Amino acid sequence: MEKEKVITLIDAFKDFKEEKNIDRPVMMGVLKDVFLTQIAKAYGSSDNFDVIVNVDKGTCEIYQNFDIVEEVSNPNSEMTLDQVVADSGDDDYEVGDSYSKPFPLSAFGRRGILNIRQNLQGRIMDIEKANLFKKYQDKVGEIYSGEVYQAWSKEVLILDEDNNELHIPRSEQIPGEHFKKNDTVRAIIKSVEMRNNTTPYITLSRTTPEFLERLFEMEVPEIADGLITVRKVVRVPGERAKVAVESYDERIDPIGACIGVKGGRILGIVRELRNENIDVIQWTQNSQLLIQRALNPARVSSIDMGKDPEDKIKVYMQPDEVSKGIGRGGVNVQLAGMLVDRQIEVWRELQKGESEFEEDVALDEFKDEIDDWVIEKLKSIGCDTAKDVLAIEDSDIAKRADLEDETVADVKNILKAEFE
């Protein structure tokens, strides 16, 4: 019986030892704690016990320490001199001395051995979880490359070399992209979370600005070497991105370096992002100049930054430049606003001799023909007058104001009739 129990414990030690990510001091501490916990559970206290673990050999020695007294009040921690002499065969002891004797593993009993093994396995799992959490927590913000193990409608599952699961939720995938088993995929490690004390949930992302920034660092040696700095990246995943860069060496053209000869460097990034349009612009601390560069190819006539930082920025353009400045679906002006952390409105510049209220009609004048909620939606995107609406393409208004195409068409017909 004793031999069987010892073998069971040695097997448990062996399993523990094979956990490569657990260092020796932690291993020793956990094993001792597991045994002392079981002793305390069985005897009420483990203060007078010593546990000596040899992880390499898979052995464990336990000693129970007794105070030698004239009269025993606690048999778990005290012995009389006669008892010590009879047990040890040594008559050199005296009252007041301490006596240690081996504690047999059989004293735990079969149930105790089972509890020790279960507790040990539980502690191993906790350490594995903690190690996994730390491993990936330290890598948050780095690029991870792996093969797709399984692809579902709501997420893509990737297994690392230790069969740990990494997830790319649908919300972190570029719109329109699809993966299948064994596809190689690159993404940034976005977050690591402990959910209900289960295995850490590792989230990868292909939609964050940081992912695009890491791709530039990989493709452009000057960025990796610190000669060019990526100051800010903004994205509408799958549509468009703007990357503001700055060079610390006047001899280096940061935009040309990022694009590469015949677009060789940026082309690989564009393909990785499923043909997302990428604008590389020169960074500047001058917000007005940065806005002009960001709204390219549209030409800006003037910019009203407003009185307060919370005010919307009004950018004025010639009528034929407005749609280019706004961009398809409003993406261009949206990204420009994200670069300066302000909301930007594109306005049609008044023509020579034209006052703000001349040859135009405020939208509020059409309340008899256009619903109030539609007018409010149009105002929310900077369209206060009829000409403001007519200067923007139907599809852009529909997307920016969240209106149906038919509604936009009806509104424009009403406004056009006013001028005709």
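The values are calculated or read from the model by the stated rules, or taken from the named source; none is laboratory data. These figures come from a predicted structure and were not determined experimentally. Backbone-built Cβ (ideal geometry, glycine too); neighbour counts: all protein chains shown. The area values use the complete protein model at the heavy-atom level, side chains included, leaving out ligands, DNA and RNA. Shrake-Rupley method; radii C 1.70, N 1.55, O 1.52, S 1.80 Å.
Placing unit charges on the Cβ atoms only, positive for Lys and Arg and negative for Asp and Glu, gives the chain a dipole magnitude near 1440 debye about its Cα centre. Couplings 3J(HN,Hα) for segment 136-150, derived from phi with the Karplus relation 6.51 cos²θ - 1.76 cosθ + 1.60 (θ = phi - 60°), are 8, 4, 6, 9, 4, x, 9, 6, 10, 10, x, 9, 5, 8, 8 Hz, where x marks Gly and Pro. Using a probe radius of 1.4 angstrom, the carbon and sulfur fraction of the accessible surface of segment 52-192 is 46%. Across the chain, the mean sequence separation of Cα contacts (distance under 8 Å, 6 or more residues apart), normalised by length, yields a relative contact order of 7 percent. Heavy-atom accessible surface of segment 360-400, averaged per residue, reaches 48 Å², computed with a 1.4 Å probe. Once the gyration tensor of the Cα atoms in segment 52-162 is diagonalised, the equivalent ellipsoid follows with semi-axes of 55, 15, 12 Å, ordered largest first.
Pairs over the 19 Å Cα-Cα cut-off, from the set Lys314/Lys416; Lys307/Lys399; Lys242/Lys379; Lys135/Lys190; Lys232/Lys262: Lys314/Lys416; Lys307/Lys399; Lys242/Lys379; Lys232/Lys262. Across the accessible surface of segment 202-296, with the other protein chains kept in place and a 1.4 Å probe, carbon and sulfur atoms take up 44 percent. Sparsely packed loop sites in segment 172-234 (the trypsin sites (Lys or Arg not before Pro) outside DSSP H, G, I, E and B with at most 13 other Cβ atoms within 10 Å) comprise Lys180, Lys181, Arg195. As a rough guide to protection, the peptides 326-335, 84-93 ranked by mean Cβ packing within 10 Å, highest first, stand as 326-335, 84-93.
With the charge dipole of segment 355-411 set up from +1 on Lys and Arg Cβ and -1 on Asp and Glu Cβ about the Cα centre, the Cα lying farthest toward the positive end among the listed residues Ser380, Ala391, Val408 is that of Ser380.
Under a 5 Å amide H cut-off, with hydrogens placed 1.01 Å from N, Gly146 pairs with Val185 among residues at least 5 apart or on other chains.
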